[in-house]
1. Taking region 22-40 as the region of interest, how many residues are among the charged types (D, E, K, R), touching a Lys or Arg at 6+ places or on another chain (Cβ under 8 Å) and under 27 Å from residue 103 (Cβ atoms)?
2. For region 77-92: of the residues being buried (at least 23 other Cβ atoms within 10 Å of the Cβ) and not small (Gly, Ala, Ser), which is nearest to residue 105 (Cα to Cα)?
3. Here is a list of conditions, (1) crowded, with 16+ Cβ neighbours inside 10 Å; (2) touching a residue at least 24 places away in the same chain (Cβ under 8 Å); (3) over 18 Å from residue 144 (Cβ atoms), and residue 120 meets all of them except one; can you say which number that is?
4. Of all residues in region 31-58, how many are closer than 17 Å to residue 112 by Cα and in a strand (DSSP E or B)?
5. Considering each residue of region 60-76, count those that are of a type in the set (Ser, Thr, Tyr), surrounded by fewer than 16 Cβ atoms within 10 Å (Cβ to Cβ) and assigned to a loop (DSSP other than H, G, I, E, B), and give that number.
6. Residue by residue through region 68-107, note down the ones that are among the small types (Gly, Ala, Ser) and touching a strand residue (DSSP E or B) at 6+ places or on another chain (Cβ under 7 Å).
Amino acid sequence: MTGAASPERRSAQIELRAQGRKLEGYAALFDTEARIGSFSETIRAGAFSGSLSRDVLALVDHDPTRVLGRTKSGTLRLSEDSRGLSFSLDLPGTQAGRDILALAERRDLGGMSFGFSVPKGGDRWDGDKRELRNVVLHEISVVAAWPAYEGTIVHARSQQAKHARLELARLFLETLR
């Protein structure tokens, strides 16, 4: 199993926000243990750093016929921070884009997932525990259900809810004057 270069997929139930026609959130979280079949796995900070300059796709449920964006075109933006692999995705006006936006606004999405391979030396095994230290990221996916990495909450914020919060904040600030 060590150093396997075959493609793998992991899912996470994580924070996901809809802002207009944009989704934002985390496709992977660092230092969060997930049970994957007979072993547990964690992702270390920096594991995706080598992939941030390559072309990565945003898909629906890992389906290459349902492309939502890509880094090469600038419609998908990826970065690592202390929490994990964050993303910002401009949704297309396609049926898949409209469907994902509607599900995100209703909080019906299961989370995010990512497809990757592990180059030689990119992981470390200690019994049934695997630590991902360096992965080649191929795609991130919006998934409908059952994430492998649990522990965080998926929620969506619509433009209407955002405007309502801004209006409440404005009214509150006016009362302070």
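The values are calculated or read from the model by the stated rules, or taken from the named source; none is laboratory data. Computed from a predicted model, the values in this text were never measured in an experiment. In this analysis, Cβ positions are derived from the backbone assuming ideal geometry, glycine residues included, and neighbour counts consider all displayed protein chains.
1. So the count comes out to 1.
2. Initial filter on region 77-92 (buried (at least 23 other Cβ atoms within 10 Å of the Cβ)): 84-85, 87, 89.
Filter once more, so that each one left must be not small (Gly, Ala, Ser): 85, 87, 89.
On the way: 85: 22, 87: 17, 89: 15 Å.
Residue satisfying both the conditions and the ranking: 89.
3. Going through (1) crowded, with 16+ Cβ neighbours inside 10 Å; (2) touching a residue at least 24 places away in the same chain (Cβ under 8 Å); (3) over 18 Å from residue 144 (Cβ atoms) one by one, residue 120 breaks only (1).
4. Total meeting the criteria: 8.
5. First, pick out the residues of region 60-76 that are of a type in the set (Ser, Thr, Tyr): 65, 71, 73, 75.
Subsequent filtering for residues that are surrounded by fewer than 16 Cβ atoms within 10 Å (Cβ to Cβ) retains 65, 73.
Next, only the ones that are assigned to a loop (DSSP other than H, G, I, E, B) stay: 73.
Matching residues across region 60-76 total 1.
6. Of the residues in region 68-107, the ones among the small types (Gly, Ala, Ser) are 69, 73-74, 79, 82, 84, 86, 88, 93, 96-97, 102, 104.
69, 79, 84, 86, 88, 96, 97, 104 - these are the residues of region 68-107 that are among the small types (Gly, Ala, Ser) and touching a strand residue (DSSP E or B) at 6+ places or on another chain (Cβ under 7 Å).
Quick grid of which residues meet (1) of a type outside the set (Lys, Arg); (2) modelled with pLDDT under 95:
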position	(1), (2)
55	yes, no
63	yes, yes
72	no, no
86	yes, yes
97	yes, yes
